[in-house]
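Shown next, in structure tokens, is the structure this report addresses.
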Amino acid sequence: ELRAALALAPDDALALNTLGNALFRQGRADEAIAMFEAALVREPDLAMAINNLGTAWREKGEPAKAEEAFRRALAVQPDSAETWNHLGIILRDQGRYPEALAAHDRALAANPAFAPARFARSLVELGEGRFGEGFRDYLARPLSDSGRMIRDRLPDDLTGRRVLLLPNQGLGDELFFLRFAGLLKARGAVLAYRTGPALAALARRVAALDRVVSGDEPNPAHDLALSI
């Protein structure tokens, strides 16, 4: 459809940019870059195309070119939280932690509620051993089912509260963090845990867990859902 549109309007920068996105999502980074660059020939200050170009160069393993693109985008939109965050990520990729941290701080100054920048900043802080700040910012990490997961501090008394623990990341992470289920149990929580078939039998031997569900079993009724 986009190519048909471009046959009618070959200088449409937005269509070129959108076609670049479609190609990029198919893993065709070289073709995507060509589309973003074509869009920028038509409209040099099209910030979304410049940002997309930077993302594509990062995917190609070209951090210097990605950085150049993001800085070019910031010259057009100096208060873009998204672009400052992209710049911070590419600086982190290059091991330039102080510059990366400053870029993420600029992103959050532009938009304090921009969770991707807070999470990205956490990776820099953790990489520098600043664990207190890093783990506070790490709470912004994107999660599936994030709309129903609790991230706030839990009350000390959870007597009778039904807590559903949901899997996240790999098997090693699940096993590591299951050790903390006993702390919730000690606060009085009734614990259910969803896991995959590889860990289900093992999880059923964890004394703190009242129920383990796996496969097609529906989630049990619960008051709180937490990422493991």
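The values are calculated or read from the model by the stated rules, or taken from the named source; none is laboratory data. Because the structure is predicted, anything quoted here is derived from the model rather than measured. Reconstructed Cβ throughout: ideal geometry from the backbone, glycine too, with neighbour counts over all protein chains shown. Side chains are part of the model used for accessible areas, which takes the heavy atoms of the whole protein and leaves out ligands, DNA and RNA. Shrake-Rupley method; radii C 1.70, N 1.55, O 1.52, S 1.80 Å.
Results, tabulated for the structure shown:
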| read-out | value |
| --- | --- |
| Debye, to nearest 20: dipole size of the chain, +1 on Lys, Arg Cβ, -1 on Asp, Glu Cβ | 980 |
| Relative packing of 199-206, 14-21, which averages over residues the other C-beta atoms within 10 Å, highest first | 14-21, 199-206 |
| Relative packing of peptides 51-59, 164-172, 81-89 - highest average C-beta neighbours within 10 Å first | 81-89, 51-59, 164-172 |
| Scattering profile of the stretch 136-228 at q = 0.25 Å⁻¹ [log10 I(q)/I(0), Debye over alpha-carbon scatterers] | -1.56 |
| Value of relative contact order over the chain, rounded to a whole percent, pairs C-alpha under 8 Å and six or more apart | 11 |
| Peptides ranked, highest mean first, by Cβ atoms within 10 Å: ranges 179-191, 63-75 | 63-75, 179-191 |
| Cα gyration tensor, the stretch 76-140 - rounded (a/c under 1.5), prolate or oblate | oblate |
| Kirkwood-based Rg to Rh ratio, the stretch 25-140, C-alpha trace | 1.01 |
| Area of ARG106 that stays accessible when all protein chains are in place (1.4 Å probe, Å², to 10) | 110 |
| Shape call, the stretch 176-228: gyration tensor on alpha carbons, a/c limit 1.5 | oblate |
| Shape category assigned to the stretch 2-86 from the gyration tensor of Cα positions, a/c cut at 1.5 | oblate |
| Accessible carbon and sulfur surface of the chain relative to its total accessible area, %, 1.4 Å | 54 |
| Under the Debye formula (equal points on every Cα, no solvent term), log10 I(q)/I(0) of the stretch 137-190 at q = 0.15, 0.16, 0.18 Å⁻¹ | -0.50, -0.57, -0.73 |
| Helix 97-110 vs. the chain, principal-axis angle (Cα, 0 to 90°, nearest 10) | 90 |
| Average accessible area per residue (Å²) across the chain - probe 1.4 Å, nucleic acids and ligands excluded | 54 |
| Hydrodynamic radius of the chain per Kirkwood, over alpha carbon pairs, in Å | 20.5 |
